[in-house]
Amino acid sequence: MLLIFFRDHGRFPRRLAEIDPATVHMIAQQIAVARPACDTLNLSARTVERHRAEEPTQRDQHIQSIAERGRLGWRRQAEYGKRSKAETAMARYKRILGGQLRTRTLPGQQAEAAIGVAVLNRMIDQARPNSVRAA
């Protein structure tokens with residue numbers, strides 16, 4: 001009954017007066033039960049309504065987090081640079097190994113991608129300097 005109301009109105013009823021008695025009677029007939037005594041239902045305590053103005057936006061949450069943790073703390077907490085690193089890695093993969101897979105089957109494509117990642121990781125490890133702390 002509540003789902004039918006939601007389907008028709010896009011929200012749940014706030015008061016019993018909003019529910020059509022004919023709909024209640026029709027559903028009661030379909031499931032072969034007596035019409036329920038709707039006077040005992042309390043629909044006002046079902047949900048808590050919040051206004052959008054009460055909830056901070058994502059931008060406001062970030063500003064509040066920056067104020068609490070500082071900019072570097074917020075970046076660490078939000079993992080701010082993760083997307084940039086992923087995009088750089090994919091660009092490097094496509095530039096060196098090509099932008100498309102050559103095999104047709106999914107297992108073959110997975111193996112091809114795994115081999116490509118292993119090759120790329122080995123190339124990156126070879127190019128990375130081996131830093132040693134001087135006395």
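The values are calculated or read from the model by the stated rules, or taken from the named source; none is laboratory data. None of the values given here were measured: they were computed from a predicted structure. Note that we place each Cβ from the backbone using ideal geometry, even for glycine, and neighbour counts take in every protein chain shown.
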| query | Given (1) in a helix (DSSP H, G or I); (2) of a type in the set (G, A, S); (3) under 28 Å from the mean Cα position of the chain (by Cα); (4) at pLDDT below 85, where does A86 come up short, assuming only one miss? | reply | (4)
| Is there any pair linking a residue in segment 14-35 that is among the basic types (K, R) to one that is in a loop (DSSP other than H, G, I, E, B) and at pLDDT below 80, with Cβ under 7 Å and at least six apart or on different chains, and which? | R14/L43; R14/S44; R15/L43
| Odd one out for K94, checked against (1) in contact (Cβ under 8 Å) with a residue 12 or more places away in the chain; (2) part of a helix (DSSP H, G or I) | (1)
| message | Can you report the number of residues in segment 97-120 which are in a helix (DSSP H, G or I) and surrounded by 11 or more Cβ atoms within 10 Å (Cβ to Cβ)? | response | 12
| note | The correct count of residues that are modelled with pLDDT of 90 or more and hydrophobic (A, V, I, L, M, F, W, C) in segment 91-100 is 1
| Cross-chain or 6+ apart pairs with Cβ under 6 Å, segment 113-124 first and under 10 Å from Y93 (Cβ atoms), then in a helix (DSSP H, G or I) and among the hydroxyl-bearing types (S, T, Y) | L120/Y93
